Amino acid sequence: MKRLILAGILLGSASAAMANVSELTVTMSTSDCDPISAEDYREIMTILVGKGSEELKLKAAKKALKKGCINLDQLSEIMDHLQSEDSKLAFAKEAYSNCTDQDNFLEIVQEKFESSESVEELNGHITTLK
């Protein structure tokens, strides 16, 4: 009888621990903000496609993150319109926390950089957030 009770306690503890691990994994792999609206995204892209300065484009890209989460396609498209490595890195650092698919974030973003140092710096930044 003692073994049966002990097994029940251990299984209950294991189930609770697994639930906590699953919850932690979901929290780390996805952001819990609402997706950016189509209207807000179009507004941001209008600025990015325009002939504004790199500073204005970076400001618009960061503004998108304050309006909600972005998916990897939106992230990729926004980064395509940023010209400088510094702007891309600054945006990517802020975008990670507001990306709907953090598990695949680096796979998409690393293609946008010309410098491996930028990828390493971004990876270090992400590591500090986890």
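The values are calculated or read from the model by the stated rules, or taken from the named source; none is laboratory data. Please read these numbers as outputs of a predicted model, since none were measured by experiment. Cβ placement follows ideal geometry from the backbone for every residue including glycine, while neighbour counts extend to all protein chains displayed. Heads up: the accessible areas ignore ligands, DNA and RNA and are worked out on the full protein's heavy atoms, side chains in. Shrake-Rupley method; radii C 1.70, N 1.55, O 1.52, S 1.80 Å.
Just a few scattered comments:
- Test for K66: is it open to solvent by 20 Å² or more (accessible area, probe 1.4 Å), within 16 Å of E55 (Cα to Cα) and either free of Cβ contacts under 8 Å to residues at least 60 places away in the same chain or in a helix (DSSP H, G or I) (or both): no
- In region 89-105, the residues that are in a helix (DSSP H, G or I), open to solvent by less than 30 Å² (accessible area, probe 1.4 Å) and not small (G, A, S): L89, F91, Y96, Q102, F105
- Restricting region 106-130 to residues that are touching an Asp or Glu at 6+ places or on another chain (Cβ under 8 Å) and part of a helix (DSSP H, G or I) leaves a set whose member that is farthest from G68 (Cα to Cα) is S118.
- Selection status of K130, open to solvent by 50 Å² or more (accessible area, probe 1.4 Å), modelled with pLDDT under 95, within 17 Å of E43 (Cβ to Cβ) and not aromatic (F, W, Y): no
- Hey, S116 open to solvent by 50 Å² or more (accessible area, probe 1.4 Å), touching a residue at least 60 places away in the same chain (Cβ under 8 Å) and of a type in the set (S, T, N, Q) or not: no
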